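The values are calculated or read from the model by the stated rules, or taken from the named source; none is laboratory data. Treat the numbers as computed from the prediction; the structure is a model and nothing was measured. In this analysis, Cβ positions are derived from the backbone assuming ideal geometry, glycine residues included, and neighbour counts consider all displayed protein chains.
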Amino acid sequence: MKKLVLILTFTLGFNAFASIDKASEIYKKPQSLKRDRELSIELFKSKYFFSALAFAKNYIAGVKELDPEFEAVIAKLMIKTGTMSFSYMDRKILKRHLKSPTLALAYGIRMSQLKKWNESNKALSNVPADHRFGPEARMLQGAALNMLMKDNEAVEMYKQCIKVSKKIEDDAAKEKLGRYYAIIKESCFIHLGRIEYRNGNYEEAKLLYRSIPKTSYRFPYILMEKAWNAYQREDYNRSLGVLVTYKNPLMSSYFFPESEVLRALSYFKLCLWEDSMVTIENYYKRYKTKSDALKSILMKHKRSHTYFLKLIFAPIEETEKLHPYVRNMMTQIRKKIKFSIDLVSYKKAQNELKFIKKLPTSKLKYLMEGELKETLKWRTTHLNHYIKKQMFDFVNQIHRFSYEMFNIKLEILARKRDLVWENKQLISSRSRGSHENLKRESDEHFYDFRGEFWADELGDYSFGLKSNCEKVRVGVAK
Amino acid sequence: MKKLLTLTILLVLSNPLVAQDKKSSKATGKQKVIYKYRKYEKFDLGNLEIKGSIVAPGDLSVKERSRRTFSRDLYDRDNFNKEVIEDIRNLR
């Protein structure tokens, strides 16, 4: 049995990277665009994807227009090595090749990163809907138009995105691929919901958010938006109920400081000031330690180009030792689609370098090795920066929301003072729940919360607190 | 016509006379005008009388009015644009 496994491993390893004899022969020819094209195609066929990239880029930079065969090669190269392989190319070169759907997507991504929405939208319109990058292109276009406040056009793009990604999802032979397009489809639903929310159509937004299944990767992230939506509908009990979902053990690695602010605000709107104050105090206690733990790491290693990436690869026990929160943060970052795709590409590049080192000595081998080392260096810095930025963003968020919490606290104190001036008090010192205070539609679930979380109930909780906003003369309160 | 002629002659003759008068006063030297003010003035308020009718109530009273309250701009969410941008940055 062991022998069989060894043979299989050897055979698979051998097949993973073929020889570069043919590529070496081509490399001996005098340097020309035609040679670069042939080399990139040959290396691609031998599965040296990252090495093929260098020659492909040379060819793209020199040629006026790409032929369909080469277009198919670069589309696959983009899938294998990630969008950043092309999106960081010289913008002038990319702009020249907008007829190529692959390079149009790369340029569209770059422009949207630079918030040049018009240019991004224009470039992405070159990607046909039925192209394999169609769903991404439509989603990006929707976002660009959304930012440009062209809601009708954005809605149309998102609808197309849902349609094409659903088709690819249904036809996908591999589960992972299907899941990827399911996420894009759900993201487009969420973006539609966000447009409705921005326009104050909270009922429509509610329906769109509800179309995201609880098993979805996106589900934990949209709970906050669902809670805000309930808050805007003045259904504070529902808002509090949705937010309580974050306390379930399945979501222990998720941190949303904003959810605490919304919780405090919801209590505040129900005039349950003491509950609001408790939420605020808990926020300071809970997030101060997290902020301190993160800050100490950030300050020590902020100039390092590798530390944070090493942290991602480190065993759980090691990150746990730094702070349990750091471990959870690493889990969260690993879950990001972009990051996980880039990380897979990074590992592939490392693997490719190992195989190149084993190749017989040749000029091409040295060139490929040198190129790939540079690529790996750049990708290490890029991924390291991504993790560092996520951490910095989080610390900044904690500080920002501390300020908002302080504001709520001040407002509560001011309201209390006003009551004293008026010689009044709130009707009840602490109003508690009742089923009578629930707002529920026929298709909305209702579960009693008895200190346990059930997966099928998540996100459907609602509190039943009575508003305490009625003022009475001092001494009349219950 | 005669009257008009007489009036014109009189006016023409009167101007040199006035000029001559100013010149003569300059020639005699400047007269010092001294203005004197009172150092202080005393008002006997008790003695002052104000004419009119009294409209205010006789006893001391405060009119009740509601206190002006200022509310802070609490945190609110108008849109999720930040999340949209985050989504597309994390796309592929």
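If you filter the range A:210-222 down to residues that are within 11 Å of chain B (Cβ to nearest Cβ) and part of a helix (DSSP H, G or I), you find that the one that is farthest from the chain's Cα centre (by Cα) is A:I222. Taken across the range B:41-53, residues that are surrounded by 10 or more Cβ atoms within 10 Å (Cβ to Cβ), part of a helix (DSSP H, G or I) and at pLDDT 70 or above do not occur at all. When the range A:223-261 is filtered for residues that are touching a residue at least 60 places away in the same chain (Cβ under 8 Å), closer than 19 Å to A:Y202 by Cα and more than 13 Å from every other protein chain (Cβ to nearest Cβ), the ones remaining, listed by number, are A:D235, A:Y236, A:N237, A:R238, A:L240, A:G241, A:V242.
In this structure, is A:S340 farther than 30 Å from A:E25 by Cβ, of a type in the set (S, T, Y) and within 14 Å of chain B (Cβ to nearest Cβ)? In short, yes.
Tell me the residue from A:L192, A:L207 that is over 16 Å from the mean Cα position of the chain (by Cα), away from chain B (no Cβ under 14 Å) and more than 21 Å from A:H131 (Cβ to Cβ), please.
A:L207
Considering the range B:67-91, the residues that are surrounded by 13 or more Cβ atoms within 10 Å (Cβ to Cβ) and part of a helix (DSSP H, G or I) include one that is farthest from the other protein chains (Cβ to nearest Cβ), namely B:E86. Screening the range A:60-84 for residues that are assigned to a helix (DSSP H, G or I) and within 11 Å of chain B (Cβ to nearest Cβ) and picking the one that is nearest to A:Y386 (Cα to Cα) gives A:M84.
Restricting the first member to the range A:106-117 and to residues that are more than 10 Å from every other protein chain (Cβ to nearest Cβ) and in contact (Cβ under 8 Å) with a residue 12 or more places away in the chain, and the second to residues that are among the charged types (D, E, K, R) and assigned to a helix (DSSP H, G or I), the beta-carbon pairs closer than 7 Å and six or more apart or on different chains are A:Y107/A:K95; A:R110/A:R91; A:M111/A:E119. The set of residues in the range A:120-133 that are within 13 Å of another protein chain (Cβ to nearest Cβ) and part of a helix (DSSP H, G or I) comprises A:S120, A:N121, A:L124.
Looking across the range A:386-403 at every residue that is in contact with a helix residue (DSSP H, G or I) (Cβ under 8 Å, 6 or more places away or on another chain) and more than 16 Å from A:F255 (Cβ to Cβ), the one that is farthest from the other protein chains (Cβ to nearest Cβ) is identified as A:K388.
Quick check: anything in the range A:180-187 of a type in the set (S, T, N, Q) and either crowded, with 23+ Cβ neighbours inside 10 Å or more than 14 Å from chain B (Cβ to nearest Cβ) (or both)? Taking every residue of the range A:180-187 in turn, at least one turns out to be of a type in the set (S, T, N, Q) and either crowded, with 23+ Cβ neighbours inside 10 Å or more than 14 Å from chain B (Cβ to nearest Cβ) (or both).
Scanning the range A:259-288 for residues that are under 25 Å from the mean Cα position of the chain (by Cα) and of a type outside the set (K, R) turns up A:S259, A:E260, A:V261, A:L262, A:Y283, A:Y287. The residue of the range A:133-155 that is nearest to A:R110 (Cα to Cα), among those that are surrounded by fewer than 19 Cβ atoms within 10 Å (Cβ to Cβ) and in contact (Cβ under 8 Å) with a residue 12 or more places away in the chain, is A:L148. Regarding A:Y325, is this residue buried (at least 20 other Cβ atoms within 10 Å of the Cβ) and more than 14 Å from chain B (Cβ to nearest Cβ)? Considered against the rule, which asks whether it is buried (at least 20 other Cβ atoms within 10 Å of the Cβ) and more than 14 Å from chain B (Cβ to nearest Cβ), A:Y325 comes out as yes. Is there a residue in the range A:265-272 that is closer than 16 Å to A:Q390 by Cβ, surrounded by 14 or more Cβ atoms within 10 Å (Cβ to Cβ) and in contact (Cβ under 8 Å) with a residue 40 or more places away in the chain? No, because not a single residue in the range A:265-272 is closer than 16 Å to A:Q390 by Cβ, surrounded by 14 or more Cβ atoms within 10 Å (Cβ to Cβ) and in contact (Cβ under 8 Å) with a residue 40 or more places away in the chain.
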